[in-house]
Every structure is written in C-alpha cells, then in structure tokens.
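Let me begin by presenting the structure, written as structure tokens, before commenting on it.
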Amino acid sequence: MKKIKTKLIALLLVLGVSIIVSCTDEYLEVPIADEISTTYFDNEGKIQRGIGGMYAELANIYSANLGTSEISRRTTIHPYWLLQGDDLTNSGNSNAEYEAFAGISPADNRNAMMWQRYYIVINRANFMLEQVEASAAVYVDPDLKKHNQGEALFFRGWAHMQIWEKWRKGPLKNEWIKSLETATNPPSTDFELLNAAITDLEEAKTLLPDSWDVSNKGRVFKNSARGLLVKAYTLRANYADDYSGGDRNGDYGKAITAFESIDAAESTIAGVHFGDNFDYRSENNLESLFEFQAGINNSENPWLDNDYGGGNGALGAYYGYFTDHWSNGSSGGGSVGPTDKLMNAFDAADPRRAETIGTKSWGRFGGNQFIKYINGDRGDLMDNKNGQGCCGISSGVNTRILRLADVKLTVAEAYL
C-alpha cells in the first residue's frame, strides 16, 4: 500500500511539474511588446524615427517645462540661456545670477538641467551613429544613410560646442553609453571638447544633403554645418591665449573658409523680410540654418518633460518670459525684456526695431517689450486661439537657433 501511495505521489509531482513547465513555455512564447534596438531598426522609416529623437530633445530646452525645476513649481530653464547675452535683461531678482555669472553652482537646478539635456542629445547621437552603421543593409537609398550620419554628427557637435561655451569642459564620450561602468568619464581639458565638436561638424558637412525635400524641411543640411563651423572656429579663436593649442589667426582663417563655402543658392538673407525669421508662416526659410520645430497638440502638458514614457510634455516653444502671462509671473522670476544697450543700438530709422521692440504699459523695461516671436499675428498660437494644448502657454512659432545673419555677424570679426 505504501508503495502504491509513493508511486501515486511521484506521478502527481511529475505531472504537476510537466503542467507548470508547459504553462511556463506557453507564457514565454507570448510576443514581446517592446522592441529592442537590435531588432527595431529593420527599415529606413524606423531609422528616421530614431534620428528624430535628437530633434525631439530640443523640446526640453525650448518648450515650457514649467514643473521641472526644484526652484519653483513654475520655473522654466529659459533664463539660463536667454540672459547670457547683452541684449536681454530680467525684471525680477531670482534670475540675476544668470546675468552676473555669479552664484551659479552644480546645485543650481537649471544648471543641472541644461547639462543633462545636452548630454541626452549627445548620447542619442552616439546611439544613432551605431544603429545606422549596424542597420546599413536595410537602407534602400545609400545617400540617406550618409545624411543620417551627418545629422547625428551635427547634433553631437552642436551639443559639445554648447557645453564648452557654457562650462569650458565636460566628459567627452563619442560612443553610446551601455553600462554604468562606461558612464563615468573624466572632464575634458583645454579645447578638447570644442575640438571634438569641430571635427564632427567638418565631417557632417560632407555627409549632409545640400537641401531636403519639402516633406523634410527643417532637418539640418550642409549649410547648417558650415554656419555652425564659422561660430565654432571664431569661438576657439577668441580663447586662443587662454588654452593650450590655440591658433587665433589660423582659426579666423578657417572661419572665413567655412563661411565662403556656404552655398548661396540654398541660404541667403536677400529677399527675406527680417520679421519672417520669427514668424510661424515663414519657418525654415532661406535665411534659416537650424530651428527648433515647434508644434502644439491637444494633450500636451507644459509642466512635464517631453521625453521617455509617452508624449506628455510640451511640443511647442515657450515665449511667456517676454510677456506678463500668468505662467511667467507665478515663477517669481519676472519678465525678460530688452536692455538699454540693445535699444540704443538701433538707428531710429531702422525698420528692424519695430520687429524687435514694442511698447507695453506694464511698468517694466521703461515700457518696452521684446516682441520678436510674439509681434502681431505671431502671438496667435501662443494665445491658444486655436484651442489646442494647455493653458495658452505653448507657441507653434519655431525658435530660430542659427540664422545666416548670425553667421555673417560672427565672420565679420574674423575678417576684421
């Protein structure tokens, strides 16, 4: 009897294990819902989505991001880069450090956020450079592969240049970070980061297309890299005496060479109205070399990043700091407006003044207002008159990151 019971128990155990294994095998055979990089990029279209990820990260620099700072629930990172130049100033007190270049530390949340966003761009560029090469066989158009490589090199060069310009050093990692062991790198020295940016841009200009078709307008092209090289070489020339390896005259000469290589058939300021450079009705025009492609959707949330985990953040640009919009006042940072230096730089008869500086009865900046992106009908999208997006905060007007006019003003220094 005991033997029968023992055999029966053993049979049931074997049968139970078999059922469990069978169920487990069946469970494991369920298709994976999320694709991984080694299997995802199996056609040109999917690779273009990956390339688009670099462009998309610009939204976390130029859109509202009202709730991403620990300083205040409603504080954008815009003052960090808006107030670095001499043309704009702040009417409040909380952003004074960004004008005086004092009091900024690693503990400054905006400082940390800008750093993080540039390195996200770099890591996405490194990732796509690897994926484009690994997926070379799926390209139907071999030229598109070169163009995609050029786009990734452009973005990596642009981000490295921004980091060097703001911090003068940062980890240089020209490969996709895959593990914690490779995530920690020492800071660069001297011109190392800027040199890497220039190397990438020099290669990018050979790979990018002369132009894109209408459906791809807004993607960087050869003149984008050439124009950014003018600024990169001039920037390096300006600090030739401060860091080892500097060559002021040589870099000025290279800036001029880059400028003179710009294809005038694709980029010109002739015939482009000054105001068209800040209007949603004339985006990606002949003067434009690089823009943040802003847009608005019904479900966007200006308090969130527009990053991993779904499209919850804002896709539109943010120009609230030039107005008295509630999102600006709630941050306690005050508005951003024109400096006396900027206003005095305009000749009274210069028609560009009316496109740049307006009057407003608000007790700030002597009754003046910076209006480039909000002048007249351009403000319609920001005012949310089309009913899209949240709170009337986002604007569909592209932020112009690099214009040919900027490049001309920069290269004038090299010529002089």
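The values are calculated or read from the model by the stated rules, or taken from the named source; none is laboratory data. Everything numeric in this text was worked out from a predicted model, so none of it was measured. As a convention, Cβ positions derive from the backbone with ideal geometry for all residues, glycine included, and neighbour counts pool all protein chains shown. Side chains are part of the model used for accessible areas, which takes the heavy atoms of the whole protein and leaves out ligands, DNA and RNA. Shrake-Rupley method; radii C 1.70, N 1.55, O 1.52, S 1.80 Å.
Out of 344, 284, 277, one residue alone is under 30 Å from residue 157 (Cβ atoms), open to solvent by 10 Å² or more (accessible area, probe 1.4 Å) and at pLDDT 85 or above. It is 284. For the stretch 302-312, give me the residue count where each residue is modelled with pLDDT of 75 or more, in contact with a Leu (Cβ under 7 Å, 6 or more places away or on another chain) and surrounded by fewer than 22 Cβ atoms within 10 Å (Cβ to Cβ). The qualifying residues number 1. Go through the stretch 362-383 and count every residue that is among the polar types (S, T, N, Q) and at pLDDT below 90. Adding up the residues that qualify gives 0. The residues listed here are 51, 36, 47; of these, the one that is at pLDDT below 85 and either of a type in the set (Val, Ile, Thr) or closer than 22 Å to residue 322 by Cα (or both) is 36.
Counting only residues that are over 24 Å from residue 173 (Cβ atoms) and either acidic (Asp, Glu) or outside any helix (DSSP H, G or I) (or both), which one in the stretch 108-154 is least open to solvent (accessible area, probe 1.4 Å)? Here the answer is 139. Summed over the stretch 247-290, residues that are over 23 Å from the mean Cα position of the chain (by Cα) and of a type in the set (Ser, Thr, Tyr) total 4. Name every residue in the stretch 102-117 that is touching a residue at least 12 places away in the same chain (Cβ under 8 Å) and not charged (D, E, K, R), in order of residue number. The answer is 109, 111, 113, 114, 115. Here residue 166 meets the list (1) part of a helix (DSSP H, G or I); (2) open to solvent by 40 Å² or more (accessible area, probe 1.4 Å); (3) under 15 Å from residue 200 (Cα atoms) almost entirely, failing just condition (3). Being within 20 Å of the chain's Cα centre (by Cα), touching a residue at least 24 places away in the same chain (Cβ under 8 Å) and closer than 21 Å to residue 98 by Cβ narrows it down to one residue among 163, 177, 120; which is it? 163 is the lone residue from the list that is within 20 Å of the chain's Cα centre (by Cα), touching a residue at least 24 places away in the same chain (Cβ under 8 Å) and closer than 21 Å to residue 98 by Cβ.
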